[in-house]
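Each remark here refers to the structure printed beneath this line.
The values are calculated or read from the model by the stated rules, or taken from the named source; none is laboratory data. This is a predicted model, so every value here is computed, not measured. Please note: Cβ atoms are built from the backbone with ideal geometry, for glycine as well, and neighbour counts cover all protein chains shown. Please note that ligands, DNA and RNA were not included when accessible areas were found on the heavy atoms of the full protein model with its side chains. Shrake-Rupley method; radii C 1.70, N 1.55, O 1.52, S 1.80 Å.
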Amino acid sequence: MINDPGVNALEGVVGCGEQLRKAREAAGLSLEEVASQLHMPAQVVGSLEAERWDRLGAPVFVRGQLRSYARLLKVDLQGLLQQAQIAPIVPPTLVSHTHTPPFRRMVENLGRRAMYVVITAVLAVPAWYVISGSSSKAPPSTASLDVVPPAEVAVAGPVATPSSNAPAQPAAAQSNDPYIASMAPIARPAVAAPAAALMLRFKGDSWVEISAPDGSTVEKALIRAGESRSFGAGQVGRMVLGNAADVEVQQASGNVDLAPYKRGNVARFTVSSDGSVAPVSH
């Protein structure tokens with residue numbers, strides 16, 4: 001015998017499943033058709049009709065499923081459902097099995113804080129000594145790898161003078177400081193960048209399709225008025241310019257007349273490796 005409290009709570013609704021089954025058969029509906037309309041598995045509908053509450057979960061859900069089934073078949077089960085009393089759920093009482101005196105908690109908190117201070121000091125003090133010691137030393141002399149430092153005087157001592165009566169002059173002091181190679185490059189004069197072989201200036205919005213000599217797409221987009229594009233020699237192989245009347249094409253020799261390459265208001269032309277413009281061959 002099943003002693004589940006959830007099942008016992010539904011003992012008052014005995015007879016609901018039988019009424020629902022008879023109403024379904026009278027309506028000429030199968031279990032699968034009812035399950036499809038209620039969006040439930042067919043096994044759940046069968047358990048409701050057989051009153052197998054142990055297969056259906058919590059009583060509150062079972063009562064909701066019975067109400068949905070009854071509304072579908074227009075069967076009044078309100079009286080039977082009100083008789084089923086669901087046992088209230090009482091939360092478990094939490095009982096503390098340990099008790100820590102306030103003085104002990106205060107000592108433990110102080111001990112943890114003291115441990116944090118000691119760990120911080122152990123880690124921070126050596127790091128501070130290393131940083132302060134390294135910052136107090138003078139930085140070593142550096143020399144670029146591209147420059148050979150001048151040769152120093154090998155022997156220090158008095159240098160003989162032409163006159164034997166003149167006192168000896170001390171040699172130039174030799175520096176014993178080591179050179180450290182530097183990877184910093186020597187500043188060299190800037191080389192002017194080569195001028196662009198082809199430049200486009202847009203006085204109005206224009207849709208462009210620009211391809212490289214190998215056929216790959218360089219740019220394919222709508223370019224707004226006021227923008228410009230420049231390309232080096234050999235960078236562009238073919239161009240298609242929409243709204244060509246508002247596009248100005250410039251070469252080193254001057255502006256390019258797009259009239260021979262326009263059809264309507266679209267210009268199509270090829271660009272050679274030296275930047276010269278030619279019609280598209282069909």
Where the second residue is surrounded by fewer than 17 Cβ atoms within 10 Å (Cβ to Cβ) and charged (D, E, K, R) and the first is more than 14 Å from E219 (Cα to Cα) and in contact (Cβ under 8 Å) with a residue 12 or more places away in the chain and lies in segment 231-245, which pairs have Cβ atoms under 9 Å and are six or more apart or on separate chains? A233/D274; G234/D274; N243/D205; A244/K262; A245/K203; A245/K262
Somewhere in segment 107-127, is a residue modelled with pLDDT under 80 and either under 18 Å from A23 (Cα atoms) or of a type outside the set (D, E) (or both)? no
Show the residue pairs that are 6+ apart or on different chains and have beta-carbon atoms under 9 Å apart, the first residue being within segment 15-27 and at positive phi and open to solvent by less than 30 Å² (accessible area, probe 1.4 Å), the second being of a type in the set (D, E, K, R) and modelled with pLDDT of 80 or more. G15/E51
